[in-house]
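J.: Shown below is the structure under consideration.
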């Protein structure tokens, strides 16, 4: 499946990503080209990712291509997206979350829409989006300034920062699906998901309140981890209940 560039009729196959040069912002093109150069290079078995620095200095973490495929396979089955799903490149590709949006599209043969990455990524977008990853700040901006377009998104994944309690009232009577994710660069972004809207589209009780009722730091509401092994400071840590609790514990402190 291809790249879709806003206001450009022709779609660009992922393998022809170098055609994006001169179309996209130079910095964005450079970041996309770096990830895809490495992904399509059969001689490379690992890719390098960089943390956002939100909890300290940005650092480099390497993951195998097989781990990347496993993580994407897990989340796609849980969140029900795949071949032909239209997604939007809404986060910086130089960090792991944006890189994984790009790689999800390539691996699963999704359609990836690319425009300016901003605090309000739906601004100026003139087509429907099926799957959208956002930070809570971006969701709030889209809610305030592009509400109708946001409501048309089938599945929204929130991550990168805690979801403020003030946002939960926005999920009431929401037609689509909204999930909160928890993860980090060492775990290829998501390790767990929590649905913030019910099957009927109504908001659940605030997960902050729900978590306080549960002694186990990984309650059943949070779906289990997305990868078989974590890359923690270069050491592969096998996923089990103890390692899940260790990674999820900050959610409940």
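The values are calculated or read from the model by the stated rules, or taken from the named source; none is laboratory data. If you're wondering where the values come from, they're calculated on a predicted model, not measured in any experiment. Positions of Cβ are generated from backbone atoms using ideal geometry, with glycine treated the same way; all protein chains shown enter the neighbour counts.
J.: I need a count of the residues in region 143-172 that are touching a residue at least 12 places away in the same chain (Cβ under 8 Å) and either in contact with a strand residue (DSSP E or B) (Cβ under 8 Å, 6 or more places away or on another chain) or not in a loop (DSSP other than H, G, I, E, B) (or both).
T.: Count: 20.
J.: Suppose we filter region 78-97 for residues that are in contact (Cβ under 8 Å) with a residue 60 or more places away in the chain, surrounded by 23 or more Cβ atoms within 10 Å (Cβ to Cβ) and closer than 20 Å to residue 6 by Cα; how many remain?
T.: 2
J.: Something else about it: State whether the residues of region 62-77 include one that is exposed (fewer than 15 other Cβ atoms within 10 Å of the Cβ), touching a helix residue (DSSP H, G or I) at 6+ places or on another chain (Cβ under 8 Å) and modelled with pLDDT of 90 or more.
T.: Yes: one or more hits.
J.: Next question, about the same structure. In this structure, is residue 153 under 29 Å from residue 14 (Cβ atoms), surrounded by 18 or more Cβ atoms within 10 Å (Cβ to Cβ) and at pLDDT 90 or above? Spell out how you get there, then give the answer.
T.: On the way: under 29 Å from residue 14 (Cβ atoms): yes; surrounded by 18 or more Cβ atoms within 10 Å (Cβ to Cβ): yes; at pLDDT 90 or above: yes.
Answer is yes for this residue.
J.: Let me ask you something else. Could you check, for region 197-216, whether at least one of its residues is in contact with a helix residue (DSSP H, G or I) (Cβ under 6 Å, 6 or more places away or on another chain) and at pLDDT 60 or above?
T.: yes
J.: Further question: Pick from region 109-125 the residues that are more than 14 Å from the chain's Cα centre (by Cα) and outside any loop (DSSP other than H, G, I, E, B): which of them is surrounded by the most Cβ atoms within 10 Å (Cβ to Cβ)?
T.: Going through the qualifying residues, I end up with 114.
J.: Next question. Look at region 17-49 and say how many of its residues are surrounded by fewer than 15 Cβ atoms within 10 Å (Cβ to Cβ) and in contact (Cβ under 8 Å) with a residue 40 or more places away in the chain.
T.: 1
J.: Just the residues that are within 19 Å of residue 34 (Cα to Cα), part of a strand (DSSP E or B) and under 13 Å from the mean Cα position of the chain (by Cα), please, taken from region 46-99.
T.: Selection gives 88 alone.
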